[in-house]
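These notes concern the structure reproduced below.
The values are calculated or read from the model by the stated rules, or taken from the named source; none is laboratory data. What you see is a predicted model; the values in this text were computed from it and never measured. Positions of Cβ are backbone-derived with ideal geometry, glycine not excepted, and every protein chain shown enters the neighbour counts.
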Amino acid sequence: MAKEGSQILACAEPFTERWRWLTKTGLPKVFPIDKDYTLKEMKLAEDIIAAALITAAENEEVGRMETSYFGVVKPLEDEKKRTFTISHIHEQKAHIAKVLNIWTKDTPVTAKTGFERKAFANGYIKEVVKCDRDDGLLQIEVNIILVPNEGLYEHDEDFEAMTHGMLSIIQVAETPGGYRDQADTFGLHAPTQLIKEEKSPRTEILKALFGRPGTDDSVVGGDIPKDLECVKSLNEEQQNTLSNWLHEGRGRLHYQQAPPGTGKTRLAAACIAAALKKDPKIAVLATANSNLPVSKLIDESAQINLGSEMLAFFASTARIRYGDQILLLNEHQLENKIKGKFVEKLEGSEKRDVTDYLAHIKDKPRHTKERKVGEIYLAREFKNAIFGTIYMCLGIPRAHVSTTHLIIDEVTQTSFSMMVHLLCKLPLVRSVLLTGDVRQLGTHLKELPEVIQSGYGLESVTDQMENCERVSVTILERCYRSHPIITECFDYSSYEKHGERVIAAVPAEKRTGLTKLGINLPVNDVPLILLNIRGRIEQDSASYSLSSPEQTEAAITIAKALEHRDPQGVAIICLYTFQCEKIRERLQQENIQVSVNSVDAFQSREHRLIILVTTSTKAPGSAARADASDFLKDSRRATVALSRAQSGLIIIADFEAIREGETWRRFITAAKQHTPFVDERYLEVMEHEEPTRDSNGVLNDLKGRSIEVKVEEVKLIRGGELRTGRGKMICNRCGNPGHLARDCRRR
């Protein structure tokens with residue numbers, strides 16, 4: 001058990017025996033759970049994991065408290081009088097950086113009259129803007145949408161008083177189903193108790209996850225229903241996954257390693273259809289850690305005509321952030337299921353709740369109670385396939401308590417602690433399919449105390465499965481997403497070195513989105529552009545994130561050329577959030593309709609044409625250089641960045657700098673077999689109507705010279721010797737050149 005408020009890890013009682021598992025540095029290691037743990041050692045591990053989860057929960061709570069706003073809320077002009085603005089003003093950059101990390105767009109917020117009082121209004125963050133000031137203070141302006149909570153007259157009174165200047169407390173709302181709930185599961189020893197006392201398929205699945213022996217070690221897959229149309233199109237590896245999913249024995253835990261574009265979501269839909277054909281009485285829960293992969297699961301399942309058997313749950317924040325995508329899935333959402341005759345069956349408070357839900361779901365989604373209404377519906381109606389995030393479905397007991405078959409997509413982003421917590425809530429589960437890619441991003445732990453980021457079960461569940469012999473595994477290889485050249489490059493960069501491979505399953509003729517777009521490519525029919533741009537580094541004074549003005553302008557020039565030829569076909573992704581902000585500003589100025597996202601936000605997504613902006617430079621003496629180097633060495637982030645494109649990939653980079661990362665270096669090595677580095681002269685001839693080429697087929701500049709930049713030249717362009725070199729870096733703290741604020745000695 002953890003001592004609340006301690007911010008340290010603690011156990012209920014001492015462990016007097018010698019701990020047998022140590023890290024390379026000699027420290028005790030708790031996670032991953034070893035298959036040879038005794039039951040006593042497993043209970044100790046549960047205690048320590050529970051303590052780590054309590055620490056994580058307290059860290060979140062402290063962050064919400066420390067970044068609370070107390071003051072006057074300024075109303076903005078809107079018809080419904082629901083939009084307000086508040087300002088966080090502080091002299092310490094560390095505090096503002098914490099505000100920026102916690103107060104993010106679409107995040108739920110609450111309004112209170114006191115810290116111990118119930119919220120009188122709820123809402124969400126509409127926009128976050130950093131403001132310049134002349135007095136040296138830092139200011140973050142936040143626009144929020146707030147609506148009074150229903151039920152009490154006092155709420156309306158408090159809301160009205162707030163609009164007229166009453167001092168109010170605005171806080172980021174707590175996420176339901178988080179660390180504390182998981183801590184209860186481990187602190188009460190639910191996993192070991194089930195393993196010891198229960199004989200069921202769920203117990204066998206837990207044993208498999210903990211690496212322990214069970215009753216069905218030799219269970220393998222069997223026949224699959226090949227008469228289903230969605231099954232006929234599956235390749236051999238995909239059929240192997242389906243076979244294991246359908247033939248669970250006494251409890252099946254199957255992991256599918258699925259590199260980018262290998263059809264894992266379509267396969268998940270086929271698994272649901274095949275399982276329903278085999279047994280129409282099963283209950284499938286298809287879930288993920290976030291809404292985007294859930295919406296893709298719903299879309300793929302709808303395409304194979306699961307139809308009325310589907311039910312999808314979405315939180316109000318998801319309806320706001322992914323409104324257009326979710327609207328397309330309306331047929332399968334709760335709103336569509338409870339209309340008409342269902343409402344007529346209800347009485348009393350249940351009827352009021354459902355009626356209010358239907359009245360507000362379109363214009364006031366924050367007013368709706370998805371979990372409560374979902375529970376009312378499922379108490380009367382059974383659906384074979386339920387879709388929603390893990391957090392959402394845990395909040396609706398009837399959405400998971402009858403589950404027999406579980407699918408988790410993008411499972412690398414699901415922690416071991418969450419996976420175990422979820423399994424302990426599924427008494428009838430007998431087959432589990434986990435699908436994801438261990439070469440891509442895992443759980444987000446950066447904001448947690450460093451001491452619990454590794455070794456305490458908060459990491460991805462896939463870290464545990466590496467040594468679990470009873471977890472059956474399929475590795476997918478055929479990529480249906482990208483042009484063969486792009487596939488070849490990210491296969492070499494990220495998979496070949498691990499003894500895996502990704503093979504292009506789509507011919508170049510079906511991925512001509514860039515090669516036939518009407519712009520001049522450095523090499524004809526090669527949908528890769530390696531644009532070497534070196535320029536100044538600008539650092540955000542609050543978040544310390546980076547941007548490059550020169551790379552921004554290069555991205556804008558390319559986006560303008562592509563967007564008017566292929567509207568809706570272009571997306572920009574950046575390694576740095578500050579770079580995203582700067583590009584968004586310029587796109588708005590130029591009225592270019594292109595989406596901009598960070599790499600982290602783009603996992604589980606793809607686009608026809610990708611402009612990838614890397615920002616980092618290799619300027620000698622750069623204060624951001626060490627951190628930037630560590631950032632580039634993150635192979636998982638690099639893999640995500642390089643594998644999002646379907647038909648064309650344009651990389652804007654200082655290629656000498658990004659070579660520091662092994663994944664980037666290997667990608668460049670493969671890409672250079674097809675196309676050269678080019679410099680900013682390419683931007684001048686990209687749309688030229690009468691292009692010329694050199695003897696090697698490389699595009700020439702306006703003076704008839706090849707735009708190719710030789711590798712030797714890339715290495716020589718350093719410290720701003722050429723026009724494409726770096727300009728001076730200016731410190732935001734002291735105003736002097738040559739370093740950035742993070743390295744400034746003036747405090």
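Restricting region 38-92 to residues that are of a type in the set (Val, Ile, Thr) and part of a strand (DSSP E or B) leaves a set whose member that is farthest from Glu450 (Cα to Cα) is Thr83.
For region 554-596, the set of residues classified as among the acidic types (Asp, Glu) and either assigned to a helix (DSSP H, G or I) or touching a helix residue (DSSP H, G or I) at 6+ places or on another chain (Cβ under 7 Å) (or both) consists of Glu563, Glu581, Glu585, Glu590, listed by residue number. Modelled with pLDDT of 90 or more and surrounded by fewer than 18 Cβ atoms within 10 Å (Cβ to Cβ): is that true of Lys339 in this structure? No, not satisfied. Each residue in region 510-553 was checked for being in contact with a helix residue (DSSP H, G or I) (Cβ under 8 Å, 6 or more places away or on another chain) and without any contact (Cβ under 8 Å) to a residue 24 or more places away in the chain, and 1 pass.
Of the residues making up region 446-460, not a single one is part of a loop (DSSP other than H, G, I, E, B), in contact (Cβ under 8 Å) with a residue 40 or more places away in the chain, in contact with a strand residue (DSSP E or B) (Cβ under 9 Å, 6 or more places away or on another chain) and farther than 24 Å from Ile195 by Cβ.
Pairs linking a residue in region 586-607 that is among the β-branched types (Val, Ile, Thr) to a residue that is in a loop (DSSP other than H, G, I, E, B) and crowded, with 16+ Cβ neighbours inside 10 Å, with Cβ atoms under 9 Å and 6 or more positions apart or on different chains, are Val599/Leu441; Val599/Leu575; Val599/Arg644. The single residue among Val523, Val471 that is modelled with pLDDT under 95 and over 24 Å from the mean Cα position of the chain (by Cα) turns out to be Val471.
Among the residues of region 401-440, the ones that are under 18 Å from Gly457 (Cα atoms), among the aliphatic types (A, V, I, L, M) and surrounded by fewer than 22 Cβ atoms within 10 Å (Cβ to Cβ) come to 1 in all. Scan region 425-464 for residues that are aliphatic (A, V, I, L, M) and modelled with pLDDT under 90 and the total you get is 4. Note on region 152-267: enclosed helices (runs of 4 or more DSSP H) holding 3 or more residues that are touching a Leu at 6+ places or on another chain (Cβ under 8 Å) and closer than 30 Å to Val502 by Cα are 201-209, 236-246. For region 634-667, the set of residues classified as closer than 15 Å to Gly442 by Cβ and basic (Lys, Arg) consists of Arg636, Arg637, listed by residue number. Here Gly535 passes the criteria (1) in a helix (DSSP H, G or I); (2) over 20 Å from Ser647 (Cβ atoms); (3) in contact with an Asp or Glu (Cβ under 7 Å, 6 or more places away or on another chain) except the one numbered (1). Scoring Thr512 on the criteria (1) surrounded by fewer than 21 Cβ atoms within 10 Å (Cβ to Cβ); (2) of a type in the set (Val, Ile, Thr); (3) in a strand (DSSP E or B) leaves a single failure, condition (3). Among the residues of region 474-505, those identified as surrounded by fewer than 16 Cβ atoms within 10 Å (Cβ to Cβ) and either without any contact (Cβ under 8 Å) to a residue 24 or more places away in the chain or not in a loop (DSSP other than H, G, I, E, B) (or both) are Glu496, Lys497, His498, Gly499, Ile503.
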